[in-house]
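Peer 1: Here it is, the structure in full.
Nothing in this text is a laboratory measurement; each read-out follows from the coordinates by a stated rule. All values reported here derive from a predicted model rather than from experimental measurement. Glycine also receives a Cβ, built like all others from the backbone with ideal geometry; neighbour counts cover every protein chain displayed.
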Amino acid sequence: MSMNEYILNLSGMIPLFVIFYINYFYLAPKFFMVKGKRTQFFLINAVMIVALAIGSHLWFSYYRQNLDPDRTEKTAKQARRRGPSVLTFIIRDMLNLSLTTATATAIVMTKGWNRLETERQEAENARVEAELKNLRSQINPHFLLNTLNNIYALTAFDSDKAQGAILELSQLLRHVLYDNQQPFVPINDEVQFIQNYVKLMKIRMPANVQVNENIDIPEGSQTVITPLLFISLIENAFKHGISPSQQSFININISDDKGKVTCCIENSNFPKADNDRSGHGIGLEQVQKRLDLAYPGKYSWEKNVKDNVYQSKIIIDTTTKA
């Protein structure tokens, strides 16, 4: 390619670069992306496209006639031969400039949509986190109310056990007040909290109640889980699974199989009377809401009553992103 051909080709690219970057950095973001200014955007671009197309043609004509040192008589004769009209070349350049404008605008629009989607996602994450915090703040007084009621009942017949229960409660409060403020905690910490809670509940259990715990968490497990997720299920088991006179049982099974967490609670079923409003039934509703927010599409929850036995089984996949 000769130097003259290189100059001509470069000259043909300059209008494309000019209109692309003017649209990319100024016109598209300042006019096209602003409601009510798109008419100005199209008018400005129309003027620019026509001006650049005509100007480009005039420059090519001027260069060939006055500045091209390689121009020979033969090429001059070829130039005078009948060919496409000037209007054809101008329309061609206008189409190229229009496509360049459209490309720059499309890129700006895509970036704008991506930014809006990112902002929407951040707002959604903030909303979910705020709702989770609100739910956790509701769990705290609910959990403490039930625990304090148990300790209060215990003081009536065994003050020594009541003192031990208060000590157990102080250990539970550490988890509730500190770990509960985090979005996720190690599953071993959560299981330890559950075991401490069950130990507290056993202090005042009658002899006819059997509580079994089966914990299968690998040593050094790296699995994390949202805090206080299962405590409402266990509270529910102690509330509805115990009879003061009949044989009762509560089975608590928690396992972690490579990040697949399973919590299965089985208990004898002794439903409270309709006029018993202790707890106000918020526990299981909170579990459902927290599962929906923290593990959307990543969990299953089976609940059923069969042969006077209530079973609740939650399986959570903690290995994949929501």
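Peer 1: How would you rank 238-248, 30-40, 310-320, highest first, on the average number of other Cβ atoms within 10 Å across their residues?
Peer 2: Details: 238-248: 15.2, 30-40: 12.8, 310-320: 16.8.
Answer by packing, highest mean first, reads 310-320, 238-248, 30-40.
Peer 1: What FRET efficiency, computed as 1/(1 + (r/R0)^6) with R0 = 45 Å and r the Cβ-Cβ distance, is obtained for L148 and M33, rounded to the nearest 0.05?
Peer 2: The value I calculate is 0.20.
Peer 1: Can you order the peptides 227-236, 96-105 by their average number of other Cβ atoms within 10 Å per residue, highest first? Don't jump to the answer; show the numbers that get you there.
Peer 2: On the way: 227-236: 22.5, 96-105: 18.2.
By packing density, highest mean first, the sequence is 227-236, 96-105.
Peer 1: Say each of L95 and V50 gets a label point 7 Å from the Cα, pointing the same way as Cα to Cβ; how far apart are those two points in nm?
Peer 2: 2.0
Peer 1: Taking 0.36 nm per residue of separation and subtracting the Cα-Cα distance, what length does fully extending K289 through I14 add?
Peer 2: Numbers: separation 275, 0.36 × 275 = 99.00 nm, distance 5.87 nm.
That works out to 93.1 nm of additional length.
Peer 1: With a Förster radius of 45 Å, plug the Cβ-Cβ distance of Y63 and T320 into 1/(1 + (r/R0)^6) and report the FRET value to the nearest 0.05. Before the final figure, lay out each step's value.
Peer 2: Working: r = 62 Å, r/R0 = 1.38.
Efficiency, rounded to the nearest 0.05: 0.15.
Peer 1: For the ranges 211-218, 261-268, what's the packing order if you count other beta-carbon atoms within 10 Å of each residue, average per peptide, and put the highest first? Display every interim value, and only then the final one.
Peer 2: On the way: 211-218: 13.9, 261-268: 20.6.
In descending order of packing, they fall as 261-268, 211-218.
Peer 1: Can I ask one more? In nm, give the distance between the simple-model label positions of K260 and F184, each being 7 Å from the Cα along the Cα-to-Cβ direction.
Peer 2: A separation of 1.8 nm, rounded to one decimal place.
Peer 1: Something else: Between N253 and K202, 0.36 nm times their residue separation minus their Cα-Cα distance comes to what? All intermediate terms of the calculation are to be shown ahead of the outcome.
Peer 2: Numbers: separation 51, 0.36 × 51 = 18.36 nm, distance 1.68 nm.
Full extension of this stretch gives 16.7 nm more.
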